[in-house]
Every structure is written in structure tokens, then in C-alpha cells.
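Heads up, the thing below is written out as C-alpha cells.
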Amino acid sequence: MQTLYVELGDRRYPIFIGSHLNPQQLLEPYIHGQQVMIVTNTTVQPLYLDHYVAALEKLGKKVAVCVLPDGEQYKNIEHLTLIFDALLEAGFNRDCTVLALGGGVIGDMAGFAAACFQRGVYFIQVPTTLLSQVDSSVGGKTGINHPLGKNMIGAFQQPQVVLADMAQLKSLPARELSAGLAEVIKYALLADIEFLVWLEEHMEGLVAGDSALLAEAVYRSCAHKARIVANDEKEQGERALLNLGHTFGHAIESYMGYGVWLHGEAVATGMVMAADLSQRMGWISAADLERTKKIIQRANLPVACPKIPLEEFLAYMSHDKKVLNGQLRLVLMKQLGQAILTKDFDVELMTQTILANQN
Ligand code: NAD
Ligand code: GLY
């Protein structure tokens, strides 16, 4: 097992990464009260719930469970309410813990519920998808979607601990594993050219689900995320770089309808668009753009989106949280492995990029 820490002063917390981790032993120091609400979904429940209920009951905790329907389309205010209902029906109070057992959808919703319930209760992340292990479970961003935009309503709520168990990725469908690899590739493109070389060496093994390679990818990804979050928890600067590909990607995801394109798939094509615009701006070479596309394709991810009317694409982009004083800012690549947040891009070139990367 490897351990990383997100260094946030007295809110410092560990990320445990390994295979067949022992939740009873690893979670015990991080559960402060006696009540634990496990939030999961109908897909993860039959796979892993019993294991966690048993571990928590052995610790003498009162365990309640809230099982949500599975899907990005349920990451909304109506289904968030079901978590509050479950907490109130169980009679849980302010020293309870909400434990997210699932992918990023469950993590974001459970975390937001933890941030709101009685103005904030303890929160634990047990991410069960690659995407949630490398990204969404770390850093405390939680929230829900609105029909007009992704993740528009939410809060920062750091977990007490993150438990990333590679053994749980064995049941993950191949398409979901690839979606997680999009966020892994993101770290390489935005900050770590050596990691890109490593991914180029090992992509076949990662796609095949090799646990040792996945553990290494999760560790290297989380190391970047932990460092960036520690520097800029509330996204005043550097943390925005983690949104490489996301402004384009959120437009694709929102236009297609939540759940039609996976978040990671949309981010993958969004990163190709960011690279394409960076190349049009003269910052990266045509060879760098091809290298970006190639690694994304080798992860079985899409490099172009279906035709989306330009006005609609731009309208969705304008809802981005990085818009400042009405001005869109994009994360682009100054060079491969070095992202920047900038408002200084050519809007005409951006339009060309969007049109050029549609099927
Ligand atoms: P997800 O939560 O929808 O999970 C993907 C699918 O895998 C679901 O069907 C789920 O039930 C299933 N699943 C989960 N674990 C499984 C397992 N071990 N075996 C078999 N099936 C399993 O999607 P995701 O890709 O994990 O997360 C995407 C979400 O995360 C999006 O809503 C996105 O906005 C959010 N996100 C948040 C952050 C953040 O910082 N908070 C960062 C990135 C993404
Ligand atoms: N996934 C982007 C962030 O956590 O900031």
C-alpha cells in the first residue's frame, strides 16, 4: 500500500492506494462519531456494500445506507434530497460521517450532502472507479448538475480520508476504465511530460486493467492532485489547470445529455480541442497535437465529438465556472506537459478548433 497526504494544515488527510485494503483498520482513526451513512448506488451496492457495512459494524458503528439510482442523470437536486431524507430518518446528528462508496457521481453527491447536512458533517471517500480514484475523490469539490450546466451547484468539503482499492477496479466496465484514463492522461499533459512517456510505455497494460500499473497511475495522478489542491484549495489560480479539456468537454457532455457521453470521454475530446487550439496559437507543434491524440486514442477514448451547432456549443462554454467578468478563460498548453489558464486566445481560432474536431 502507498500513502499520499493532501496537506491542508489541520484538515490534512491521507489517500491510501493499494489492493485489497482493510477498511476496518484504515478507516477507524478517521471516523469521529458513532454514526455512518454509506451512500452508494444500485450497481455498486451488490458488489461492495456488505464488505464496508461489516467492517464498520465490527468497529461498533451504527451504519445506515442510502442507495441511489445509477447515473449522471441522477446527479441532481431531487436525488440529493434522498440523502438528506435518509440521514434524518436514521436520526443522525452532527458528528455523523457520510461515506461515499462509488464513482464520481456518488462522491460528488455524498460530499455535497455532507457539506450541507446540519451545516457540515464528516465525509469519507471510497472511490470505486478509476476516474474517482485519480480525481474526484481528492480535493473536496462536491456538487450536483443543473439542466443548464454541469456541477453548477456545490461546495468544497474535504474528506477525512480516501481509500482507493485497485481490487475494486476489476469489476469496472472497460469503457469506464478508459474514461478514468482520460483524467490520468490529463495530469501528464498539464504538468508531467515524464508521466506522458510512462503512459506511452504502459497504455496497453493500463487498458487491460493491470492492477500494479493502475496503482502506479493512481499514485502519480493523486500526487499531482494533492500538490495542486494543497497550493490552491479554492481554485484561485493553479487548481484551474486541473480543468484542462473541461470547458470544451462540459459543453459536449451537457449538449449530449448527462450520461450519454461519459465525463471522461468528453474530457478526452476536450483535451484534443485544447491541444488543437494551443497548436493554432503556435504554442505546441503539430507533432505534439498528434502525440496528444495518439495517447487518447490508445486509451480507447474519442478524439472528436458529434456535430453540435456552434452557437449551442459556445453557449454551454459560456456557463463555465472559469468565466471571469464575463470573459471566458481556457486551460491551454503553453507546451506539452505545461498548461496555462488564459483569456488571451483568439476566439476565431477557438471556433475553428470546435468545428475541426467534430465528426
Ligand atoms: P460514475 O460515478 O457514474 O461511475 C461510472 C459507472 O461505473 C457507474 O455506472 C457506476 O455505478 C459504475 N461503477 C462504479 N464503481 C464500479 C465498480 N467498482 N465496478 C463496476 N461498476 C462500477 O462516473 P465516474 O466516472 O466515476 O465519475 C464521473 C463524475 O465525477 C461526473 O459527475 C464528474 O462531474 C465528477 N467529477 C468530479 C470531480 C471532482 O473534483 N469532484 C472531478 C472529476 C469528475
Ligand atoms: N477536477 C478538477 C478539480 O478538482 O479541481
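The values are calculated or read from the model by the stated rules, or taken from the named source; none is laboratory data. Values in this document were obtained by computation on a predicted structure and should not be read as measured data. Glycine gets a Cβ as well: all are built from the backbone with ideal geometry, and neighbour counts include every protein chain shown. For the accessible areas, the whole protein counts, side chains as well, though only heavy atoms, and no ligand, DNA or RNA atoms are used. Shrake-Rupley method; radii C 1.70, N 1.55, O 1.52, S 1.80 Å.
When you scan region 222-229, do you find a residue that is touching an Asp or Glu at 6+ places or on another chain (Cβ under 8 Å), over 24 Å from K294 (Cβ atoms) and open to solvent by 40 Å² or more (accessible area, probe 1.4 Å), even just one?
Scanning region 222-229, I find no residue that is touching an Asp or Glu at 6+ places or on another chain (Cβ under 8 Å), over 24 Å from K294 (Cβ atoms) and open to solvent by 40 Å² or more (accessible area, probe 1.4 Å), so the answer is no.
Please specify each residue of region 304-354 satisfying the condition of being loosely packed, with under 13 Cβ neighbours inside 10 Å, part of a helix (DSSP H, G or I) and either among the β-branched types (V, I, T) or in contact (Cβ under 8 Å) with a residue 40 or more places away in the chain (or both).
L310, E312, V347
Quick check on region 172-183. Is at least one of its residues in contact with a Pro (Cβ under 8 Å, 6 or more places away or on another chain) and near ligand 1 (Cβ under 10 Å from one of its atoms)? Give the derivation first.
Filtering region 172-183 for residues in contact with a Pro (Cβ under 8 Å, 6 or more places away or on another chain) gives none.
No, region 172-183 contains no residue that is in contact with a Pro (Cβ under 8 Å, 6 or more places away or on another chain) and near ligand 1 (Cβ under 10 Å from one of its atoms).
If a residue counts only when it is of a type in the set (F, W, Y), which strands (runs of 3 or more DSSP E) contained entirely in region 141-237 have at least 1 such residues?
Values: elements: 141-146, 149-156, 162-165.
Per the criteria, 149-156.
Scan region 218-237 and report the pairs whose first residue is within 12 Å of ligand 2 (Cβ to nearest atom) and whose second residue is β-branched (V, I, T) and assigned to a loop (DSSP other than H, G, I, E, B), with Cβ atoms within less than 9 Å and a gap of 6+ or a chain change.
Sorted first by the residue in region 218-237, then by its partner, the pairs are S221/V138; C222/V138; K225/V138; A226/V138; V229/V138.
Determine, yes or no, whether Q236 is more than 30 Å from P309 (Cβ to Cβ) and surrounded by 18 or more Cβ atoms within 10 Å (Cβ to Cβ). Working first, answer last.
Details: more than 30 Å from P309 (Cβ to Cβ): yes; surrounded by 18 or more Cβ atoms within 10 Å (Cβ to Cβ): no.
In short, no.
Name the pairs whose Cβ atoms lie under 6 Å apart, with the first residue in region 73-85 and under 12 Å from H146 (Cβ atoms), the second part of a helix (DSSP H, G or I) and among the β-branched types (V, I, T), and 6 or more positions between them or separate chains?
Filtered contacts from region 73-85: K75/V105.
Suppose the filter is buried (at least 24 other Cβ atoms within 10 Å of the Cβ), among the aromatic types (F, W, Y), more than 9 Å from ligand 1 (Cβ to nearest atom) and closer than 13 Å to Q157 by Cα; does F117 pass it?
Values: buried (at least 24 other Cβ atoms within 10 Å of the Cβ): no; among the aromatic types (F, W, Y): yes; more than 9 Å from ligand 1 (Cβ to nearest atom): yes; closer than 13 Å to Q157 by Cα: yes.
Criteria not met by F117.
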